[in-house]
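The values are calculated or read from the model by the stated rules, or taken from the named source; none is laboratory data. Computed from a prediction, not measured in an experiment: that's the story for all the values here. Every residue, glycine as well, gets a Cβ built from its backbone with ideal geometry; the counts of neighbours run over all protein chains shown. Surface areas here come from the heavy atoms of the whole protein model, side chains and all, with no ligands, DNA or RNA. Shrake-Rupley method; radii C 1.70, N 1.55, O 1.52, S 1.80 Å.
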Amino acid sequence: MAHTNESIVSEFVLLGLSNSWELQLFFFAIFSTVYVTSVLGNVMIIIVIFSDSNLNSPMYFLLSNLSFIDICQSNFATPKMLMDFFIERKTISFEGCMAQIFLLHSFVGSEMMLLVAMAYDRFVAICKPLHYNTIMNQRLCIIFVSVSWAVGILHSVSHLVFTVDLPFCGPNEVDSFFCDLPLVIKLACMDTYGMEVMTLTNSGLISLSCFLALIISYTVILITVRHQSSSGSSKALSTLTAHITVVILFFGPCIYFYIWPFSRLSVDKYLSVFYTVCTPLLNPIIYSLRNEDVKSAMRKLRNRHVNSWKN
């Protein structure tokens, strides 16, 4: 990703979360714990799903792919942030900065589409249960995952193709712990109003369309669940609660950062921590702690390994 001859900036300076050494040590302890827990939790979900035949269903196939995306999202910026807590001057190369922007928007766009696919899976399972196995076959699941990645990558490329050629000729301080697209665009030595509007339109289109599709889907599903028997709707309602919780916690910060106008407050970079570091932890916490099938599969996997060690 070569930048134009007008750009003389070869690296960006990340201002991080704080200049206080004590606060940085505190942040390192907290975020390193969240990071390790998130990665191990999502890896565990993938292992459990593929090792238990009872979880061989479209819902858990999509869930395992969601865990994979969350693992990727955990690693695009967090490891560097943790290392930077011990570095006084936090820098990132121009190419590294563009790579962070590309990876973040690829993973976020893919996850949005995958959440829509998971909502469709629940819609078919609850509203058209007799046709579920016919509609939600393996081929459709693979198409859903492929389209999710394709949309995420195309969404990211549409941002990067314009950002990489902006003239960066002096200012290079990014007031965050990673290269956030709105903050990097503002450093360009030109009027970036048109670029900002285009970015808002691009991100707003995918975010709002996915969010509205999810809201409509879950509204229809909840209405259907209310008309079912209490015994049959209990498990469905529990699963829906987990899905809706993930959607709200995922889209909330996303809509705030990429649909809101490009005016940033100093507290926004702390909200970015939740968006980039804590969001990948939602999947293992919500789906493993609330899902009886996953917890049962984890117990069986643990007992299987315990017995093998004893023998």
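A few remarks follow.
- Residue check: CYS254 meets all listed conditions (1) farther than 22 Å from ASN65 by Cα; (2) open to solvent by less than 10 Å² (accessible area, probe 1.4 Å); (3) modelled with pLDDT under 75 but one, namely (1).
- Filtered by the rule that a residue be surrounded by fewer than 19 Cβ atoms within 10 Å (Cβ to Cβ) and of a type in the set (Gly, Ala, Ser), region 179-203 gives a lone residue, GLY194.
- Of everything listed in (1) more than 22 Å from ASP70 (Cβ to Cβ); (2) hydrophobic (A, V, I, L, M, F, W, C); (3) surrounded by fewer than 19 Cβ atoms within 10 Å (Cβ to Cβ), the single unmet condition for ILE142 is (1).
- Boolean, GLU22 is assigned to a helix (DSSP H, G or I), open to solvent by 20 Å² or more (accessible area, probe 1.4 Å), out of contact with any His (no Cβ under 7 Å at 6 or more places or on another chain) and at pLDDT below 95: yes
- Filter result for the condition that a residue is aliphatic (A, V, I, L, M), more than 25 Å from MET83 (Cβ to Cβ) and crowded, with 22+ Cβ neighbours inside 10 Å, over ALA150, ALA119: ALA119
- Scanning region 284-302 for residues that are at pLDDT 80 or above and either outside any helix (DSSP H, G or I) or touching a Leu at 6+ places or on another chain (Cβ under 6 Å) (or both) yields a total of 1.
- Among the candidates SER93, SER74, residue that is among the small types (Gly, Ala, Ser), surrounded by fewer than 20 Cβ atoms within 10 Å (Cβ to Cβ) and under 26 Å from SER18 (Cβ atoms): SER93
- Hits in region 51-71 (condition: open to solvent by 40 Å² or more (accessible area, probe 1.4 Å) and either within 12 Å of PRO284 (Cα to Cα) or without any contact (Cβ under 8 Å) to a residue 24 or more places away in the chain (or both)): SER53, ASN56, PHE68
- Subset of region 205-222 that is open to solvent by 70 Å² or more (accessible area, probe 1.4 Å) and at pLDDT 85 or above - its residue that is farthest from TYR256 (Cα to Cα): ILE216
- Checking every residue in region 160-171 against the condition of being open to solvent by 20 Å² or more (accessible area, probe 1.4 Å) and part of a helix (DSSP H, G or I) gives at least one match.
- Annotation note: of VAL116, VAL48, the sole residue that is over 20 Å from the mean Cα position of the chain (by Cα), part of a helix (DSSP H, G or I) and in contact (Cβ under 8 Å) with a residue 12 or more places away in the chain is VAL48.
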